[in-house]
Amino acid sequence: MNVSETKIILSEQEIPKHWYNILPDMPTPPAPPLHPGTGKPIGPDDLKAIFPMSLIEQEMSPQREIPIPDEVREIYALWRPSPLFRAKRLERVLKTPARIYYKYEGNSPAGSHKPNTAVPQAYYNKAAGIRRIATETGAGQWGSAMALACQMFGLECTVYMVKVSYEQKPYRRSMMATWGAEILASPSNRTNAGRAILAAHPDSTGSLGAAISEAVEDAATRQDTNYALGSVLNHVLLHQTVIGLETKAQLEKIGEKADVLVACVGGGSNFGGFTFPFVRDKAHGDKVRLVAVEPKACPTLTRGKFSYDFGDTAQLTPMMLMYTLGHDFMPASIHAGGLRYHGDSPLVSQLVHEGVVEAVAYHQNPVFEAAVTFARSEGIIPAPESAHAIKGAIDEAIRAREAQEARVIVFNLSGHGHFDMAAYDNYFAKKLEDFELPQSDIDDALKNLPKVGA
Ligand SMILES: Cc1ncc(COP(=O)(O)O)c(C=O)c1O
């Protein structure tokens, strides 16, 4: 194999046997999560009400490599290893001397990278004797992934779906129902958190922070039920490292070395999973750049504050040190629903804070323009979330053209956009707004940050 291949494919035997845990390789030890009530560092017992012990251990593990159970690898084999493509046609359109590659995670049954963690989360919950999972979903990708994974392990699944997506994406609901899940529009009347939001804002279109509050409350108040989160937490990013580990092996197969890695960031899981296996090389002197891309309408890494905050609106989750726009920040209803989260993974946040990772933000119109350029050259219609990474990669390729340098650009195409065609229609009809977030909105939301630590 060499750089002229279009698809770099690994065999099933090459599905990673371990996930890569970045914790022991972090430049400085991450700050502990704090209890939402006492403000003291939390221990494993504080998380027992909603997570199985095996996942709590992974959250804090000092081990660099964590074995992937055979039952999980067997399900991974339905779509993994995922292909790495050389975007030759896009390179030609851009007239760039750069070599552009993309890792495609849209070939999973749910259409994104999310099943990489949904499957092990369902597996460990089932092994712990749990019968039912409560979770939230923004754009519907995570809910679909969890519905699929629960079906595979015989678990019931209830999904609190942010109301704006529930209304915009009826076929995501059908998909979850096909895999046997129950779906509620959030805020719902099922939980105290949902009822409180509805009382204050009867027309609320919901937010990820609010849906998380509902799912956490559901899990915490039922013995047979646990909670599952699709991003942000260390164990989620850990499971997603199959993406980066495979990408490394694929690049090695063709004798290629990345100059820059690009991925979009909602809660940080596809970015972390894709880049963390390369962070270790960077610590050993490698010059690879890592670029995180987010929407200007929810600019957590580029305009947020590095501070302790809650992960949800109702302040039920532990407080984490991360970039945040404030836990009651309500982002505009942009089409990349999966990127509308007020916070970010503490691990990704710390790497941005320490200058290991760069962050950029884009408006949605240029992002859709990049998505269409990509679809018309490479064929795949990307999810609006993933299109942020495409925009980032295209800008890198244009800079390489201006510098006349044959840089190697690798990005993660985290999902396809087959359920997002209404957003494409809106883009073609020039109905998408480039929402300029006023600084006063950010200042207002940041006023309610909890008064602790950093
Ligand atoms: C296709 C796709 N990409 C990216 C994301 C962002 O999530 P994360 O930052 O956890 O990868 C989502 C979230 O729903 C998504 O559906």
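Values in this text are rule-based calculations from the coordinates and carry no lab data. Predicted, not measured: the structure shown is a model, and the values here were computed from it. No Cβ is skipped: glycine too gets one built from the backbone with ideal geometry, and neighbour counts run over all protein chains shown.
Candidate cross-link partners of Lys169 among the lysines, defined by an alpha-carbon separation under 18 Å and a same-chain spacing of 8 or more, comprise Lys114, Lys431.
The local environment of Pro346, defined by Cβ-Cβ distances under 13 Å, has a net charge of -4 under the rule Lys, Arg +1 and Asp, Glu -1. Centroid-to-centroid, using Cα positions, the stretch 43-62 and the stretch 385-454 are 33 Å apart. The Cβ shell under 11 Å around Trp79 holds other residues with a net charge of -1, Lys and Arg each +1, Asp and Glu each -1.
Neighbour counts of other C-beta atoms within 10 Å: give me Thr300, Thr225, Thr241 arranged from fewest to most.
Numbers: Thr300 31, Thr225 21, Thr241 24.
Neighbour counts put them in this order, fewest first: Thr225, Thr241, Thr300.
The calculated 222 nm mean residue ellipticity attributable to helices in the chain amounts to -12000 deg cm²/dmol, summing -39500 (n - 2.57) over DSSP H runs of n ≥ 4 and dividing by all residues. Looking at the calculated P(r) for the stretch 126-262, what percent of the C-alpha pair distances fall above 26 Å? For the stretch 126-262, the fraction of Cα-Cα distances above 26 Å is 32 percent.
Prolate is the label for the stretch 1-152, because a/c, from the alpha-carbon gyration tensor with a ≥ b ≥ c as root eigenvalues, is 1.5 or above and a/b exceeds b/c. Taking a ≥ b ≥ c as the square roots of the eigenvalues of the Cα gyration tensor, the stretch 327-454 is classed as oblate, since a/c reaches at least 1.5 and a/b does not exceed b/c. Evaluated at q = 0.10, 0.12 Å⁻¹, a Debye calculation over the C-alpha positions of the chain (equal weights, vacuum) places log10 I(q)/I(0) at -0.64, -0.96. Shown here is the pair-distance distribution of the stretch 306-369: with all Cα-Cα distances grouped in 10 Å bins from zero up to the longest one, the shares run 20, 44, 31, 5 percent.
Please state the relative contact order of the chain as a whole percent: Cα pairs under 8 Å, 6+ residues apart?
Worked out over the chain, it gives 19 percent.
Bridging of Lys451 to lysines at a Cα separation below 30 Å is possible for Lys40, Lys48, Lys296, Lys305, once same-chain residues fewer than 8 apart are set aside.
A simple rule links phi to the HN-Hα coupling: the Karplus curve 6.51 cos²θ - 1.76 cosθ + 1.60 with θ = phi - 60°, which for the stretch 257-264 gives 10, 5, 8, 8, 10, 10, 8, 7 Hz, with x for Gly and Pro. Against the empirical 2.2 N^0.38 Å (N residues), the stretch 76-170 has a Cα radius of gyration ratio of 1.38. For the stretch 266-326, the extents of the C-alpha atoms along the principal axes are 41, 25, 18 Å, listed from largest to smallest.
Given N residues in the stretch 55-106, what is Rg(Cα) / (2.2 N^0.38 Å)? Don't skip to the end; give the middle numbers.
Details: Rg = 17.7 Å, N = 52, 2.2 N^0.38 = 9.9 Å.
Here the answer is 1.79, to two decimals.
Quick one: order Asp25, Asp420 by neighbouring beta-carbon count within 10 Å, fewest to most.
Values: Asp25 14, Asp420 28.
In increasing order of surrounding Cβ atoms, one gets Asp25, Asp420.
Here the residues Ile380, Ile390, Ile68, Ile100, ranked from fewest to most Cβ neighbours within 10 Å of their Cβ, fall in the order Ile68, Ile380, Ile100, Ile390.
Judged by the ratio a/c of the largest to the smallest principal axis of the C-alpha gyration tensor, the stretch 391-454 counts as oblate, that ratio being 1.5 or greater while a/b is no larger than b/c. Straight-line cross-link reach from Lys257 at under 24 Å between alpha-carbon atoms covers these lysines, not counting any fewer than eight positions away in the same chain: Lys7, Lys17, Lys88, Lys95, Lys103, Lys248, Lys282, Lys287, Lys391.
Apply the Kirkwood formula to the stretch 208-332: the hydrodynamic radius equals the inverse of the mean of 1/r over all pairs of different alpha-carbon atoms; give it in Å with one decimal.
Numbers: mean 1/r = 0.0613 Å⁻¹.
About 16.3 Å, per the Kirkwood formula over Cα pairs.
One quarter of the convex hull surface built on the alpha carbon atoms of the stretch 141-181 amounts to 2.4 nm², the projected area averaged over directions.
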